[in-house]
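Worksheet: one structure, shown below.
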Amino acid sequence: MKIDEQNFIKYLQAGKEHALDYVIDHYLPLIKGVVLKILGPLDINESPKECCNDILLSIWKNAKKFHGDAADFKKWVCVIAKYKAIDYYRMEMKKKESPSLNIELTLAESIMYENSFLEEQEEIQVIISSLKPVDQKIFIMRYLLDFDTEEIARQLEMTKSAIDNRLYHGRKKLKKDLGGMPIEKSV
Amino acid sequence: MKNLFKHFNDIDIDVNEFEEADVTEFEKAQFKRDLKRQVSKTKNRKWMKGVAAVCLSLGIGTASLIGLSYTTFAHDIPIVNSIIKLFSTKDKIISGYEEFADQQHLVAESNGTTITVNESLFDSKKFLVGYYIETDRDLGEHPEIETTFKVDGREHALFHTEHIIEKVGPNKYAGLTTAILNLSNQLEQANFEFHISSLSNRDTKEMVQGSWDFEIDAKATENKVQIVEAPASKKADLGIKINEVIYTPISFIVNYTETQKNEMLKEKWDVISSDLNVKDNLGNTYTSRLTGGTGNGQGFMEYVFTYEKLHPDAKTLIFTPIFKLMEAEIDENGVKWVNPDSDLKMEIIELSDIIIKIPK
């Protein structure tokens, strides 16, 4: 089995470990680049490595959810890397900060802070999945990937105020729903 | 969220925003080594994570089948054509299945190894396929097999696959693979594409790679589906609601929902798992095997269990729901293991019976 640019996605999705080696050989520099850009300023030693490992593992576990060609794959990897790196960033910040410093927050920051209370990133995801598809996308971009509203507006071809509006209503809904709700999650 | 990584497909990110970092060959090698270790762990235990506790506490597992000696098998081979029958001598739950199996004669040869599928059986949730392997290699006593399935052309339609492979003579093996459909899938008929990609010796790790493909159109055994109206049985904020029973000529399949709302118990015990003790009005008891499970992590779980063949004269089924509260061993991955042989503490809470009239 010769793994190359043409077939590595297929083999990765089939669960072949050689394909993961290929991903490490060809995408690790990019993954590490994303991670360092986000975690670099924190000046912590081990985290970037752990984070890269976590990203590679996520790519492996979720390979079947990817669709597209090698160019799309590069983007997909980038998104996962950014998502994970932000996640690590928040965890590190949480360790550093004491809650008393968080009194004065803007609205956007306060929802992020609320999120950090939820402890588990997964829980946020479960909650987000109760939103309408377009709002899910906006929330993922805004809060999990830290895109600014202009960028989201550009990608979704909506106005910035429409995005802000949806974020506002989504947050309201989430607040209401925070008591927990049944969302199916596979074993 | 299941779909998070799917959503990521639609997100347009500027790849040029990031600069590639320097990565040494040494670093790459280190990542490969670390991941290989983690990946092989996740692979083996993938399906177990959620249900391991349940399975082990019920004493189910293929391990009990591994002790078969091949001499008895070899002796049986010329007489018994049914692989299901062959394995049913040791696995009570599939006993009688052979009567309803479809005979097949599908042969595939690859890399010096011939595989003949000679039997299949489908009960709307589970697809069993029996085959003989003849090879020019020594694959040890209990070879490992790598397979993939497509159901009606779709991949990932399965919850889980189980394999039993036994040596039946020099370089000859009998195998039985059970493919279990996802919980939401229940099919009257289906097309199964069964692909075998490798066989390997568990001890020496020698591997025969090849491509053995079989396509089988399966029609489910005649089933009767009973929607159960009986209310949930509850005690101490633990509950069991039986949703559905499917009666097949070889078994009955029970779908139930488990609720755990007792935070105090959840706090106190590592694992709380439910089970049903089942008997009929004649006093026959039935053993079960897990067929699938799904849940939301917030106190609701839905399980499907397959039981042995129902006694033809039985009029009612009596389900006694129980909850096992257990201490568990927790390994470095955070996976909880319940070892039935260890002396960790366990308590059982029994709920009141749910009685169901068997439809005629």
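At-a-glance table
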quantity: Pairwise centroid distance, computed over Cα atoms, of the stretch B:240-302 with the stretch A:1-56, Å; calculated: 40
quantity: Per-peptide average of other Cβ atoms within 10 Å, ordering B:192-204, A:80-92, A:61-73, B:120-132 highest first; calculated: B:120-132, A:80-92, B:192-204, A:61-73
quantity: Sequence ranges B:19-28, B:234-243, ranked by mean other-Cβ count within 10 angstrom, highest first; calculated: B:234-243, B:19-28
quantity: Relative contact order (percent, whole number), the stretch B:101-184, Cα cutoff 8 Å, 6+ residue spacing; calculated: 27
quantity: The stretch B:260-310, relative contact order [Cα under 8 Å, separation at least 6], %; calculated: 28
quantity: Global form of the stretch B:183-254, assessed from the alpha-carbon gyration tensor, a/c cut-off 1.5; calculated: oblate
quantity: Additional length obtainable on full extension of the chain from B:His105 to B:Lys357, 0.36 nm per residue less Cα span; calculated: 86.7 nm
quantity: From phi via Karplus (6.51, -1.76, 1.60), per-residue ³J(HN,Hα) for the stretch B:146-161 in Hz, x at Gly/Pro; calculated: 10, 9, 9, 10, 10, 10, 6, x, 9, 8, 6, 8, 9, 7, 5, 10
quantity: Cα centroid separation - the stretch B:112-172 against the stretch B:180-196, whole Å; calculated: 15
quantity: Inter-chain shielding of A:26-36 (mean C-beta neighbours from other protein chains, 10 Å cut-off); calculated: 5
quantity: Spin-label pair A:Asn7/B:Ala232, simplified geometry with 7 Å Cα→Cβ offset, distance in nm; calculated: 5.1
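Rule-based calculations on the coordinates, nothing more; no lab input. Nothing here was measured: the structure is a model prediction, and the numbers come from that model. All Cβ positions, even for glycine, are placed from backbone atoms using ideal geometry, and neighbour counts span all protein chains on display.
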